[in-house]
Amino acid sequence: MKASRHQKRTRRTTLTLPADSLLAAQRIARARKINLSTVISEALSDGLRAFASAERSEQVLRAYQKAFTGFSEQEMLILDGVLPDSVSERR
Amino acid sequence: MIDPSSGPFLFDTSAESWLARSKDSHVRSWFGAYLATHRVHVSAVTIVERIRGYALLSLRAPENRKDQIERARIAYLSEIGRVWSLDGGVSVVAGEIMALLPLPPSPPRKAHQFIESRQERLVRWRFDCMIAATALVSRMTLVHNNAQDFESIRKAIETSPERFPTLGPLGLIRCNSLA
């Protein structure tokens, strides 16, 4: 049978987890009446999403650093759209 | 402190570079948290000002410095966020602001060996009007580093609401009060 569009492909694996995390996940599973795999899977997805966001943020900050490093304060004014007379005259 | 996840915000040209260059750990961590949840939104006018800046620096730079400027320009463009174009709505609002405030509220910039001409000041003022119009039309709070100019625009919009139907108020946050 074909999996529906919304059904994610799953794989079985064995993990070693900190005992307290496992207990917390089991408590959540019981409270929400869902299975442990779903709780772990959701937590992992959230963690991976946060990791990807942090990575993306770092990437943008690195690009900004390269974009604005090595310029004097006067040159930064020019990059911010403030042009001194001397520059205007040379155009 | 402004909650970074409450964005997205529109960033004025000098606010964008101020945040990117800040060495203050609070500012850096605020900007990092903002970037983890939102893109940097800028007006097309900011790209005009920035790219004109890189081009002017390159034109007057010695040969051995041109590469560094070009690498910086490419780095800036490589991770550019969301750019808001100057469309019909923004143009109408910018025109209204410029008519209410035809002249800049502050004099040309003067610093050590640096004097801005009156003509350039007027150009920069008009660019600011376009950036404010973009924030108003996109209904985003504008993060700025130029209180005198943008507060004047905010007040003008508030005192002439009939010129900006269904729009406003203009939300402003000074970049040094974010973190």
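Computed from the coordinates by the stated procedures, all read-outs in this text should not be read as laboratory data. As the structure is a prediction and not an experimental result, all values here were calculated from the model. Positions of Cβ are backbone-derived with ideal geometry, glycine not excepted, and every protein chain shown enters the neighbour counts.
Can you give the longest stretch of chain B with no exposed loop site, where a site means trypsin sites (Lys or Arg not before Pro) in a DSSP loop (not H, G, I, E or B) with at most 13 other C-beta atoms within 10 Å?
It runs B:24-138.
Could you tell me the center-to-center distance, by alpha carbons, between region A:15-71 and region B:90-131 in angstrom?
Each part's Cα centre sits 45 Å from the other's.
Take the Cβ-Cβ distance between A:Ser41 and A:Thr69 as r, set R0 to 45 Å, and report the resulting FRET efficiency rounded to the nearest 0.05.
It comes out at approximately 0.60.
What average number of partner chain Cβ atoms lie no more than 10 Å from the Cβ of the residues making up B:98-111?
Taking the mean over all residues of the peptide, I get 1.
Find the relative contact order for region B:4-177 and round it to a whole percent, using C-alpha pairs within less than 8 Å whose residues are 6+ positions apart.
So the answer I get is 26 percent.
Per the helix-only calculation at 222 nm, which mean residue ellipticity applies to the protein assembly as shown, given -39500 (n - 2.57) for every DSSP H run of n ≥ 4 and division by its residues, nearest 500 deg cm²/dmol?
It comes out at -19500 deg cm²/dmol, rounded to the nearest 500.
Please average, across the residues of A:68-78, the number of beta carbons from any other chain that are within 10 Å of each residue's own beta carbon, and give a whole number.
Average per residue, whole number: 6.
When the Karplus curve 6.51 cos²θ - 1.76 cosθ + 1.60 is applied with θ = phi - 60°, which whole-Hz ³J(HN,Hα) does each residue of region A:65-73 get, with x for Gly and Pro?
Each residue of region A:65-73 in turn: 4, 5, 5, 10, 8, x, 10, 6, 4 Hz.
State the antiparallel share, in %, of DSSP beta bridges confined to the protein assembly as shown, rounding to the nearest 5.
Around 25 percent of the beta bridges assigned by DSSP in the protein assembly as shown are antiparallel ones.
Tell me, what HN-Hα J-couplings in whole Hz come from the Karplus equation 6.51 cos²θ - 1.76 cosθ + 1.60 at θ = phi - 60° for each residue of region B:9-18, using x for Gly and Pro?
10, 9, 9, 5, 3, 6, 5, 4, 6, 4
Could you calculate the FRET efficiency of B:Val83 with A:Asp85 from 1/(1 + (r/R0)^6), where r is the beta carbon distance between them and R0 is 22 Å, rounded to 0.05?
It comes to 0.15.
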